[in-house]
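Here, each number is a calculation from the coordinates, and none is a lab measurement. Predicted model only: the values in this text are computed from it and were never measured. Every residue, glycine as well, gets a Cβ built from its backbone with ideal geometry; the counts of neighbours run over all protein chains shown.
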Amino acid sequence: MVGIENVTMAFGNFVAVENVNLQVGDGEFLAIVGPTGCGKSTILNAIAGLLKPASGTVAIDGATVSGVQNEIGYLFQQDALLPWKTAFENVELGLMFRRVNAAERREKAMAWLEKVGLKGFEGRYPHQLSGGQRKRVQMAQVLIMEPKVILMDEPFSALDIHTRHLMQNELLRLWQEDRRAVVMITHDLEEAIALGDRVVVLAAGPKSRIIDSFPVDLERPRNVAEIKLDSRFLTLYRDIWASLRGEVEKSYARR
Ligand SMILES: Nc1ncnc2c1ncn2[C@@H]1O[C@H](COP(=O)(O)OP(=O)(O)OP(=O)(O)O)[C@@H](O)[C@H]1O
Ligand SMILES: [Mg+2]
């Protein structure tokens, strides 16, 4: 579904990532981990068509990406809701841009608000919602567009641990219903393993590259709190951390 071939991303003379090759299958949940500043968001932005590679190509479903993509849903770390619009209005926004009529927008937006557990909250403004609820609105806002690929940049890192577990389970439930390709960035190795089909490790930057790729062969559906107690989870954690740790240390040493 996503094909990244020999991609190098640069800002002026600064080469953030070099020669990255990465394929994400249809319905695959890929998690990317790596030290801070190594180029994770940059890679996501290349997939979204927000940044152009210095060399190499990015393709979605076989079509080379150039410019902002319609088939992509992007879940940002920070709140991306419009504060002057209600939960309902925020969720229907994308369909408005697609010129979907009001009745259909209403039907779909209400259905999605219900799916993310916000029935009855449609008239609230973002400031009248909790952090977890705002994140749910954002999820509905992205999923209502039925994107082929969902990109997530540390979507839950600002939430407290309990809300985070809840949201991770919610996300898995929604994803399980209708599997899309997902590329998720996270600092949280536990989250990467609990959610992903595969965890890819990026090297410390500059000129970051992929140093390892670990398949996560834990059955689904998963409960993120329980799966962490599985001995296979612990083994994977140890293996991936062994790979990631050195890069995190390098990244600190370079500062
Ligand atoms: N617009 C820009 N102009 C110049 N340099 C940039 C720009 N955007 C990112 N960089 C640099 O590119 C590198 C990779 O940045 P990126 O945001 O992709 O890192 P990251 O892995 O997402 O980090 P974090 O985990 O902290 O979010 C960093 O060194 C950053 O300073
Ligand atoms: Mg980032």
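If you build a Gaussian network model of the chain, linking Cα atoms that sit under 10 Å apart, which residue out of 110, 145, 96 swings the most?
Looking only at 110, 145, 96, the biggest GNM fluctuation is shown by 96.
For q = 0.15, 0.25, 0.29 Å⁻¹, what log10 I(q)/I(0) does the stretch 80-146 give under the Debye formula with an equal point scatterer on each alpha carbon and no solvent?
Relative scattering, expressed as log10 I(q)/I(0), comes to -0.37, -1.05, -1.40.
Springs between alpha-carbon atoms under 10 Å, Gaussian network over the chain: tell me which of 16, 63, 181 tops the mean-square fluctuations.
Highest fluctuation of the listed residues: 63.
Evaluated at 10 °C with a viscosity of 1.306 mPa s, what Stokes-Einstein diffusion coefficient in µm²/s does the stretch 80-198 have when Rh comes from the Kirkwood expression over alpha-carbon pairs?
108
Tell me, what does the Kirkwood hydrodynamic radius of the chain come to in angstroms if you use every pair of distinct C-alpha atoms?
Result for the chain stands at 18.9 Å.
Ignoring everything except DSSP H segments at least 4 long, calculate the 222 nm mean residue ellipticity for the chain; use -39,500 (n - 2.57) per segment, divide by total residues, nearest 500.
Value at 222 nm, helices only, nearest 500: -12000 deg cm²/dmol.
Peptides 199-208, 5-14: what's the order by average Cβ count within 10 Å, highest mean first?
My ranking of the peptides, most packed first, is 199-208, 5-14.
Could you run the Karplus curve 6.51 cos²θ - 1.76 cosθ + 1.60 with θ = phi - 60° over the stretch 204-209 and give me ³J(HN,Hα) per residue in whole Hz, x for Gly and Pro?
Once rounded to whole Hz, the list reads 4, x, x, 6, 5, 8.
Could you list, in their original order, any pairs among 40/85; 40/135; 52/135; 85/119 whose Cα atoms are separated by more than 19 Å?
40/85; 40/135; 52/135
How large, in Å, is the stretch 183-255 by the Kirkwood hydrodynamic radius built from its alpha-carbon pairs?
It works out to 12.9 Å.
Could you give the distance between the Cα centres of the stretch 28-56 and the stretch 105-167, to the whole Å?
The two parts, judged by their Cα centres, are 23 Å apart.
Counting pairwise Cα distances across the stretch 117-255, what percent come out greater than 24 angstrom?
38
How far apart, in nanometres, would the label points at residue 255 and residue 70 be if each is projected 7 angstrom from Cα along the Cα-to-Cβ direction?
Taking the simple label geometry, residue 255 and residue 70 are separated by 4.2 nm.
Can you list the residues of the stretch 188-210 with backbone N under 16 Å from a point 7 Å past the Cα of residue 245, pointing along Cα to Cβ?
189-190
May I ask you to give the average projected area over all directions of the convex hull of the Cα atoms of the stretch 21-65, in nm² rounded to one decimal?
Approximately 3.6 nm², given one-decimal rounding.
Once label points are set 7 Å from the Cα along Cα→Cβ at both residue 54 and residue 36, what is their separation, rounded to one decimal in nm?
2.4
Order by neighbour count: 173, 134, 255, fewest other Cβ atoms within 10 Å first, most last.
With the sparsest Cβ surroundings first, the list reads 255, 173, 134.
Name the most mobile residue of 97, 214, 156, meaning the one with the largest mean-square fluctuation, in a Gaussian network model of the chain with Cα contacts below 10 Å.
In the Gaussian network model the winner is 97.
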